[in-house]
Amino acid sequence: MALATTAALAAPLAWVRIAPADVARWHVDPMEVERVPQAPRRGGWLVRTGPANAAPSVFDTDPATLLSAFDEIARATPRTRALFESPAEGRVTYVTRSPVAGFPDYTSVKAVPEAGGAALMIWARQRFGVADMGVNRKRVEAWIAALEDRLPRR
């Protein structure tokens, strides 16, 4: 009985770690996201021009340089790796896993020309559950702050 209970509890946690990631579903253009999360604690963080949770910072550089600097910051984050890259489109989607259970959060980033410089459009969201408790917002804001320390803003 104890073995069956343990297996029943472990199976969902194992699935969280081994479930395949459908690139077509998760590697999205942040400018094409239809819904804007109404409550930041309930489902992701959207940074872009237009309807969003926050407006993007504009940097005094080109999109390729901006994305490269951002990529270094994101990949240096513990438990974060690139899921898929579209260099020709200036897009990357990252997966960041929670420390204990390994829940995946997906962050899609697109570098675009903006106001004589470049900006990042970012859509960060959780895969499982209905609430992210603000972790996607905190991660994105930390990445942007690190980027602002590296590159001049417009």
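Listed values, structure above:
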| read-out | value |
| --- | --- |
| Given charges at beta-carbon only (K, R positive; D, E negative), |dipole| of the range 1-124 in Debye | 640 debye |
| Portion, in percent, of the accessible area of the range 1-130 that falls on carbon or sulfur, probe 1.4 Å | 61 percent |
| Accessible solvent surface per residue of the chain, calculated while the other protein chains remain in place, 1.4 angstrom probe, Å² | 54 Å² |
| Cα-derived Rg to Rh of the range 39-111, Kirkwood definition | 0.98 |
| The chain: calculated mean residue ellipticity at 222 nm from DSSP helix runs of at least 4, using -39500 (n - 2.57) | -10000 deg cm²/dmol |
| Whole-Å distance, taken between Cα centres, linking the range 58-98 and the range 126-154 | 12 Å |
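The values are calculated or read from the model by the stated rules, or taken from the named source; none is laboratory data. As the structure is a computational prediction, the values presented were derived from the model and not from experiment. Note that we place each Cβ from the backbone using ideal geometry, even for glycine, and neighbour counts take in every protein chain shown. Note: areas computed on protein heavy atoms with side chains; ligands, DNA, RNA excluded. Shrake-Rupley method; radii C 1.70, N 1.55, O 1.52, S 1.80 Å.
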